[in-house]
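Take a look at the structure below.
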Amino acid sequence: IPQVMAAAVSVIILPGNGCTPVKKANWYSWLHDSLTSSGVKTVLRDMPDPYEAKERIWLPFIREEMGADENSIIVGHSSGAEAAMRLVENTRVRGVVLVAACVTDLGEESEAISGYYNRPWKWDQMKQNCGFVSQFQDRDDPFIPWETEGRVVHEGLGTELMLTSRGDHFMTRDFPELLLHLQEKIKG
């Protein structure tokens with residue numbers, strides 16, 4: 001990635017709930033290190049309220065402490081994807097990459113407490129505030145059903161969709177497809 005292009009954008013990685021410390025969870029540190037080594041400013045921080053991922057705590061932190069703005073690409077995984085969607089209802093960003101996104105609390109009180117699911121999603125506002133919206137979703141995700149959750153996100157946002165059949169909720173140590181996708185988006 002040319003240094004000039006890399007310097008103009010930052011990538012902010014939002015983890016799923018319960019992923020703390022973030023540097024030891026899933027592919028987050030791997031992606032952070034891969035992007036940083038190619039000259040891309042990448043932000044990965046332990047989140048406040050990591051187990052409940054409350055919107056009223058996470059969104060101000062993402063804006064004020066992580067620096068989300070019009071030059072940011074937000075990568076949100078699981079609860080981080082819902083945080084990213086609520087963020088871009090009112091914040092302009094360069095783009096969003098959603099990984100294992102959903103639109104309901106799945107009947108789980110531990111998800112409902114976050115506050116993301118208690119009102120309609122503002123799809124049009126989200127689209128207006130994003131240069132692009134991409135989505136990695138899995139048909140065989142053990143937690144997020146494709147038909148009733150992932151498909152709704154795809155249809156609501158008109159995402160560029162990468163649909164897989166991995167069966168792992170993208171809970172792996174690396175994620176090369178995501179890295180390549182981000183590199184393409186950063187190049188423009």
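The values are calculated or read from the model by the stated rules, or taken from the named source; none is laboratory data. Since the model is a prediction, treat every value here as computed from it, not as a measurement. Note: ideal-geometry Cβ built from the backbone for every residue, glycine included; neighbour counts use all protein chains shown. Calculation scope for accessible area: heavy atoms of the full protein, side chains included, ligands and nucleic acids excluded. Shrake-Rupley method; radii C 1.70, N 1.55, O 1.52, S 1.80 Å.
Numbers at a glance
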{"read-out": "Selection within region 152-164 - assigned to a helix (DSSP H, G or I) and in contact (Cβ under 8 Å) with a residue 12 or more places away in the chain", "value": "Val152, Val153, His154, Gly156, Leu157"}
{"read-out": "Region 88-114, subset charged (D, E, K, R) and part of a helix (DSSP H, G or I), residue farthest from Leu157 (Cα to Cα)", "value": "Glu109"}
{"read-out": "Qualifying position, being under 14 Å from the mean Cα position of the chain (by Cα), within 23 Å of Ala8 (Cα to Cα) and not aromatic (Phe, Trp, Tyr), among Leu161, Leu180, Leu87", "value": "Leu87"}
{"read-out": "Residue pairs meeting the criteria (Cβ under 6 Å; at least 6 apart or on separate chains; first more than 23 Å from Val11 (Cβ to Cβ), in region 113-132; second at pLDDT below 95 and open to solvent by less than 50 Å² (accessible area, probe 1.4 Å))", "value": "none"}
{"read-out": "Residue match in region 57-78 (condition: part of a helix (DSSP H, G or I), of a type in the set (D, E, K, R), within 24 Å of Gly131 (Cα to Cα) and open to solvent by less than 40 Å² (accessible area, probe 1.4 Å))", "value": "no"}
{"read-out": "Condition check for Val97: in contact with a Ser or Thr (Cβ under 6 Å, 6 or more places away or on another chain) and either free of Cβ contacts under 8 Å to residues at least 40 places away in the same chain or small (Gly, Ala, Ser) (or both)", "value": "no"}
{"read-out": "Subset of region 24-56 that is aromatic (Phe, Trp, Tyr) and in a loop (DSSP other than H, G, I, E, B) - its residue that is surrounded by the most Cβ atoms within 10 Å (Cβ to Cβ)", "value": "Trp27"}
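Let's see how each residue does on (1) crowded, with 21+ Cβ neighbours inside 10 Å; (2) part of a loop (DSSP other than H, G, I, E, B):
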{"residue": "Arg86", "(1), (2)": "yes, no"}
{"residue": "Tyr116", "(1), (2)": "yes, yes"}
{"residue": "Trp121", "(1), (2)": "no, yes"}
{"residue": "Ser134", "(1), (2)": "yes, no"}
{"residue": "Ile144", "(1), (2)": "yes, yes"}
{"residue": "Gly150", "(1), (2)": "yes, no"}
{"residue": "Arg166", "(1), (2)": "no, yes"}
